[in-house]
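Accompanying notes for the structure given below.
The values are calculated or read from the model by the stated rules, or taken from the named source; none is laboratory data. Since we're looking at a predicted model, the values are computed, not measured. Counting neighbours? That spans all protein chains shown, and the Cβs are built from the backbone with ideal geometry, glycine included.
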Amino acid sequence: MDNSLIKGFEEAMNLRQEADYDMNFSEEGAKETVESARNLLKRTRTILDKEIQDAQQGKPSRIRASHPSQGSLEPTKSS
């Protein structure tokens with residue numbers, strides 16, 4: 001996945017923590033978090049729809065999972 005999507009998710013987690021524990025929150029931060037979540041969900045759906053389509057056609061998975069700190073979740077390159 002695009003690093004900006006991962007960073008958006010991390011920022012949302014930070015904003016949630018600040019709101020929960022420090023009572024620090026804003027309407028702007030909430031709107032940015034919702035937009036970031038929409039973008040992440042859209043990209044996730046695209047990846048999973050393609051994965052399902054490939055599986056229905058008997059193709060092997062192209063996804064390799066990795067922890068966000070180790071890179072990104074991207075389809076593997078087929079040879």
Conditions (1) modelled with pLDDT under 85; (2) touching a helix residue (DSSP H, G or I) at 6+ places or on another chain (Cβ under 7 Å); number of the one not met by ARG64: (2)
Unmet requirement for GLY71, which otherwise passes all of (1) modelled with pLDDT under 85; (2) on the phi < 0 side of the Ramachandran plot: (2)
Pair list, Cβ under 6 Å, 6 or more apart: the stretch 31-51 residue surrounded by 14 or more Cβ atoms within 10 Å (Cβ to Cβ), other residue not hydrophobic (A, V, I, L, M, F, W, C): SER36/GLY8
